[in-house]
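S.K.: Could you have a look at this structure, given as structure tokens, before my questions?
The values are calculated or read from the model by the stated rules, or taken from the named source; none is laboratory data. From a predicted model like this one, the values you see are computed outputs, not experimental measurements. Every residue, glycine among them, receives a Cβ derived from its backbone with ideal geometry; neighbour counts consider all protein chains shown.
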Amino acid sequence: MNSNSGDRKARSLLVFGVEEVFWTQSSSGFHNLPLLRVLNLYKVKFEEGKLPSSIGELIYLRVLSLYMAQVFHLPSSLRNLKLLLSLNLAVVVTPVSRKLIIG
């Protein structure tokens with residue numbers, strides 16, 4: 001994602017089937033999208049299977065879908081999403097990681 005000034009006003013972000021690792025912990029995370037309401041990360045791969053903790057900064061987020069995403073660890077910052085109405089955790093489970101870790 002670019003850090004254009006227009007990105008800061010985005011309300012929805014839909015990402016579909018990214019082949020390589022989509023997000024690295026060293027990236028700016030979700031800092032550039034403070035007004036986001038809908039985030040769909042369909043089939044997205046995250047570095048080490050960790051959803052960035054900066055997701056907790058999306059305080060206006062209402063819908064978060066991790067459908068088929070390769071996520072094995074959810075950050076405790078998810079508790080900051082007080083307006084979240086829908087959370088889809090139908091993630092990919094591999095033989096190596098049999099459980100989803102929260103916290």
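S.K.: Which of the following residues is modelled with pLDDT under 90, of a type in the set (Val, Ile, Thr) and touching a Lys or Arg at 6+ places or on another chain (Cβ under 6 Å): Val44, Val21?
M.R.: Val21
S.K.: Now, a different point. Could you tell me how many of the residues in segment 61-71 are surrounded by fewer than 20 Cβ atoms within 10 Å (Cβ to Cβ) and closer than 9 Å to Leu81 by Cα?
M.R.: Number satisfying all stated conditions: 1.
S.K.: Just one of (1) assigned to a loop (DSSP other than H, G, I, E, B); (2) modelled with pLDDT of 90 or more trips up Phe30, so point out which.
M.R.: Result: Phe30 fails condition (2) only.
S.K.: Quick one: which residue in Leu14, Leu74, Leu58, Leu89 is within 12 Å of the chain's Cα centre (by Cα), among the hydrophobic types (A, V, I, L, M, F, W, C), exposed (fewer than 14 other Cβ atoms within 10 Å of the Cβ) and at pLDDT 85 or above?
M.R.: None of the others qualify; the one that does is Leu89.
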